[in-house]
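Peer 1: Could you have a look at this structure, given as structure tokens, before my questions?
The values are calculated or read from the model by the stated rules, or taken from the named source; none is laboratory data. Everything quoted here is computed from the prediction, not taken from an experiment. Here the Cβ positions follow ideal geometry from the backbone for every residue, glycine too, while neighbour counts run over all protein chains shown.
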Amino acid sequence: MKRLFALVLSILLLATLMTGCGKKEEMTKVRLNEVTHSVFYAPMYVALNLGFFDEEGLAIELTNGGGADKVMTAVLAGQAEIGLAGPEACIYVLNEGRENYPVVFAQLTKRDGSFLVGRTDGAFDWQNVKGKTIIGGRKGGVPEMTLEYVMRQNGIVPNQDALVDTSVQFNMMAGAFVGGNGDYVALFEPTATQVELEGKGYVLTSIGQESGEIPYTAFFASQSYIKQNPDVVQSFANAVAKGQTWVQEHTAQEIAEAIADQFPDTKLEVLTLVAQRYKDINAWNETPVMKQESLDRLQTVMETAGELDQRVDFNKLVDNSFAEKAAK
């Protein structure tokens, strides 16, 4: 009888263990649309690859929008819950008077991540661009506006002293330059370094290092989504904060190794070089919190470019409550 009881008990215990093993914590799917795919967003890729989003119960579906305007369209159309792009996209929508305008809840990078690439090597001076053409990106986008801001800071009046070509789509800029268009081009990484290694151009200067801190890329979602899913938004901000802390505490090579599978066509040596470039210019936010003075500088950049007639209220555009909690 004792043997029978022991056998039954063992079977029940085994069944319980198998049932427990079969249970899987339910993950919340979040569709995230990024403005482009760049090492510039390394803290986010670290959070994806090292399981920080998984730890927060989030299953991220990442897609590439190919421009801030397209990211915003995806968010407004309900094709993505969260967008990653320049906050200027949110500023434009807020100024349009849309009721359910997107709100920024976490900042990822704090300066321009593009580098000016030219056709000749050697010491660079902004006076060199006089009379030349720079492929600058979409008119009204932060990359193009920051480029113009830096040009003015260096005594170069855009479209007077040097032509800024805004006709080329963001994802086509490198191809246009390599194909013979323009004398200079503003490129993100790893594209800028790849163009240089192929002997098709030379990285001359960091635009972000000269522009000063601005909230260059941030995460945003519609007010309705944030209101209906505060726990998801908080979990997302938590994962981003973990990624930001991790890149601050690790070397460029460790960062490159952590994000390597996001860039299968790029050699580890190139990723390491690019990660070091971004560490050198202090491109990544230490926390997801956005500072008001940083947004004020962005709006100055937009005004200088003639793209902003009315400034927005920081507290209407930004909800730092999730980022501040995540930072703790």
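Peer 1: Return the residues of segment 300-328 that are surrounded by 19 or more Cβ atoms within 10 Å (Cβ to Cβ), among the polar types (S, T, N, Q) and under 22 Å from Leu187 (Cα atoms); say none if nothing qualifies.
Peer 2: The answer is none; no residue qualifies.
Peer 1: When you go through Gly65, Gly78 one by one, which is the residue that is within 18 Å of the chain's Cα centre (by Cα) and either modelled with pLDDT of 65 or more or under 30 Å from Lys279 (Cα atoms) (or both)? Write out each step before concluding.
Peer 2: Details: Gly78 fails: within 18 Å of the chain's Cα centre (by Cα).
When all the criteria are applied, what remains is Gly65.
Peer 1: I'd like the residue in segment 277-299 that is touching a Leu at 6+ places or on another chain (Cβ under 8 Å) and either hydrophobic (A, V, I, L, M, F, W, C) or more than 13 Å from Tyr216 (Cβ to Cβ) (or both) and, out of all such residues, is surrounded by the most Cβ atoms within 10 Å (Cβ to Cβ). Let's see the steps before the verdict.
Peer 2: Here is the first cut: in segment 277-299, the residues touching a Leu at 6+ places or on another chain (Cβ under 8 Å) are 284-285, 288, 295, 299.
Subset that is either hydrophobic (A, V, I, L, M, F, W, C) or more than 13 Å from Tyr216 (Cβ to Cβ) (or both): 284, 288, 295, 299.
On the way: Trp284: 23, Pro288: 28, Leu295: 22, Gln299: 20.
Residue satisfying both the conditions and the ranking: Pro288.
Peer 1: Among the residues of segment 233-247, is there at least one that is out of contact with any helix residue (DSSP H, G or I) (no Cβ under 8 Å at 6 or more places or on another chain) and either loosely packed, with under 15 Cβ neighbours inside 10 Å or not polar (S, T, N, Q) (or both)?
Peer 2: No, because not a single residue in segment 233-247 is out of contact with any helix residue (DSSP H, G or I) (no Cβ under 8 Å at 6 or more places or on another chain) and either loosely packed, with under 15 Cβ neighbours inside 10 Å or not polar (S, T, N, Q) (or both).
Peer 1: Scanning segment 178-217 for residues that are farther than 14 Å from Pro143 by Cβ and of a type in the set (A, V, I, L, M, F, W, C), which turns out modelled with the lowest pLDDT?
Peer 2: Among those that are farther than 14 Å from Pro143 by Cβ and of a type in the set (A, V, I, L, M, F, W, C), it is Leu197.
Peer 1: May I ask you to verify whether Phe188 is buried (at least 23 other Cβ atoms within 10 Å of the Cβ), within 23 Å of the chain's Cα centre (by Cα) and not assigned by TED's automatic domain parsing to the domain that holds Leu84? Don't jump to the end; show me each part of the working.
Peer 2: Numbers: buried (at least 23 other Cβ atoms within 10 Å of the Cβ): yes; within 23 Å of the chain's Cα centre (by Cα): yes; not assigned by TED's automatic domain parsing to the domain that holds Leu84: yes.
Considered against the rule, which asks whether it is buried (at least 23 other Cβ atoms within 10 Å of the Cβ), within 23 Å of the chain's Cα centre (by Cα) and not assigned by TED's automatic domain parsing to the domain that holds Leu84, Phe188 comes out as yes.
Peer 1: Within segment 148-185, count every residue that is over 16 Å from Gly113 (Cα atoms), surrounded by 19 or more Cβ atoms within 10 Å (Cβ to Cβ) and among the acidic types (Asp, Glu).
Peer 2: 1
Peer 1: Please find, within segment 292-308, the residue that is nearest to Tyr149 (Cα to Cα) out of those that are in contact (Cβ under 8 Å) with a residue 40 or more places away in the chain and part of a loop (DSSP other than H, G, I, E, B).
Peer 2: Ala305
Peer 1: A further question follows. I need the full set of residues from segment 85-107 which are in contact with a Pro (Cβ under 6 Å, 6 or more places away or on another chain) and either on the phi > 0 side of the Ramachandran plot or in a strand (DSSP E or B) (or both), in order please.
Peer 2: Val104, Ala106, Gln107
Peer 1: Among the residues of segment 183-203, is there at least one that is closer than 22 Å to Arg297 by Cβ and aromatic (Phe, Trp, Tyr)? Give the derivation first.
Peer 2: So the first thing to find is which residues in segment 183-203 are closer than 22 Å to Arg297 by Cβ, and the list is 186, 188.
Checking which are aromatic (Phe, Trp, Tyr) leaves us with 188.
Yes.
Peer 1: Looking only at residues in segment 309-328 that are assigned to a loop (DSSP other than H, G, I, E, B) and either in the same structural domain as Val150 (by TED's automatic domain parsing) or over 19 Å from the mean Cα position of the chain (by Cα) (or both), which one is nearest to Val247 (Cα to Cα)?
Peer 2: Initially, segment 309-328 is screened for residues assigned to a loop (DSSP other than H, G, I, E, B), giving 309-313, 319-320, 328.
If we keep only those that are either in the same structural domain as Val150 (by TED's automatic domain parsing) or over 19 Å from the mean Cα position of the chain (by Cα) (or both) as well, we get 309-313, 328.
Working: Asp309: 37, Gln310: 36, Arg311: 33, Val312: 32, Asp313: 31, Lys328: 17 Å.
Among them, the one singled out is Lys328.
Peer 1: Any idea which residue in segment 125-139 is surrounded by the fewest Cβ atoms within 10 Å (Cβ to Cβ), counting only those that are closer than 19 Å to Gln153 by Cβ and in contact with a Phe, Trp or Tyr (Cβ under 8 Å, 6 or more places away or on another chain)?
Peer 2: Per the stated criteria, the residue is Lys132.
Peer 1: Another question about this same structure. Quick one: in segment 32-84, of everything that is part of a helix (DSSP H, G or I) and free of Cβ contacts under 8 Å to residues at least 60 places away in the same chain, which residue is surrounded by the most Cβ atoms within 10 Å (Cβ to Cβ)? Working first, answer last.
Peer 2: Of the residues in segment 32-84, the ones part of a helix (DSSP H, G or I) are 39-49, 52-55, 68-76.
Okay, now just the ones that are also free of Cβ contacts under 8 Å to residues at least 60 places away in the same chain, so 54, 70-74.
Details: Asp54: 15, Lys70: 19, Val71: 28, Met72: 24, Thr73: 16, Ala74: 20.
The qualifying residue surrounded by the most Cβ atoms within 10 Å (Cβ to Cβ) is Val71.
Peer 1: Follow-up question, since we're still on this one. Cβ contacts < 8 Å: first residue within 30 Å of Met145 (Cβ to Cβ) and in contact (Cβ under 8 Å) with a residue 12 or more places away in the chain, restricted to segment 213-242; second residue assigned to a helix (DSSP H, G or I) and charged (D, E, K, R), any location; separation 6+ or different chain. Result?
Peer 2: From residues that are within 30 Å of Met145 (Cβ to Cβ) and in contact (Cβ under 8 Å) with a residue 12 or more places away in the chain, the pairs are Glu213/Arg297; Ile214/Arg297; Ala237/Lys325; Ala239/Glu55.
Peer 1: On to the next question. I'm trying to understand the selection: among the residues of segment 219-241, which are in a helix (DSSP H, G or I) and among the aromatic types (Phe, Trp, Tyr)? Please lay out each step first, then the result.
Peer 2: Step one: list which residues in segment 219-241 are in a helix (DSSP H, G or I), which gives 223-228, 230-241.
Residues satisfying the conditions are Tyr225, Phe236.
Peer 1: Also: Would you mention how many residues in segment 154-194 are assigned to a helix (DSSP H, G or I) and of a type in the set (A, V, I, L, M, F, W, C)? So that I can check it myself, show each step before the final result.
Peer 2: In the first step, residues of segment 154-194 are kept if they are assigned to a helix (DSSP H, G or I); the result is 170-178, 191-194.
Still in the running and of a type in the set (A, V, I, L, M, F, W, C): 170, 172-174, 176-178, 192.
Number of matching residues: 8.
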